[in-house]
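Each value in this text was obtained by applying a stated rule to the coordinates, not by laboratory testing. Being a predicted model, the structure only gives us computed values, none of them experimental. Ideal geometry is used to build each Cβ from the backbone, glycine not excepted, and the neighbour counts take in all protein chains shown.
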């Protein structure tokens, strides 16, 4: 089969394309189209806006998993630690009251208790990430949104256990299931699934 091509002078020339050349031409064409698609995708404004937000949400969820496991529990079991409020106060109260933590009903910033310590820790995380905001506003904004959502969901779960059982089942399982060394995430269970620590307790159904 003959094809026309044009040299630098604009003159047409003819070259022969045999059947052996068809696969090469087809693959080359597909690769060119695919490269163009991905180039357009990465240059798309919506994609460039979504990436830092998604990364911020994933980062915050990983932070929940790591902090809950290695700080709030690992360090919190030491009664001399600042973090003892989580294990010896918050968990103990929830175990006695079937997930309910009455301390969330009212908040007094003049009282140093489980709830104000939790807010102090969240405020510390906000300040820690503040230098990133001018450089990565969407990423940092997603982290801050996750912190606010964390507090809203965590507080509501411990004021309304029935709601937690339906909408925050992984955290409900964390407190009332047979394995409190699992289900570390609160806002979303993404990293629990990723790390293999999302343990469903069917006895709570």
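Ranked by how many other Cβ atoms sit within 10 Å of their own Cβ, fewest first, the residues 105, 169 fall in the order 105, 169.
Taking every C-alpha pair closer than 8 Å and separated by at least 6 residues, the mean separation divided by the residue count of the range 49-204 gives a relative contact order of 27 percent. Relative to the current alpha-carbon distance between residue 113 and residue 166, full extension at 0.36 nm per residue lengthens the span by 16.3 nm.
In terms of other Cβ atoms within 10 Å, 202, 165 run from fewest to most in the order 202, 165. PRE reach from residue 201 (point 7 Å along Cα→Cβ): which of the range 84-113 fall under 14 Å by backbone N? Answer for this model: 91-100.
Label reach from residue 77 (point 7 Å along Cα→C-beta): in the range 183-205, amide nitrogens under 18 Å belong to 183-185, 197.
Would you mind getting me the FRET efficiency between residue 193 and residue 145? Use the beta-carbon distance for r and R0 = 30 Å, nearest 0.05. Efficiency, from the Cβ-Cβ distance: 0.90. Computed over the alpha carbons of the range 49-204, Rg followed by Dmax gives 15.5, 48 Å.
Residues 108, 48, 146, arranged from fewest to most other Cβ atoms within 10 angstrom of their Cβ, appear as 108, 48, 146. Taking the range 100-130 and a reference point 7 angstrom along Cα→Cβ of residue 93, the backbone N atoms nearer than 18 Å belong to 100-123.
Expressed as a whole number of Å, what is the distance separating the alpha-carbon centroids of the range 175-205 and the range 89-122? The two parts, judged by their Cα centres, are 21 Å apart.
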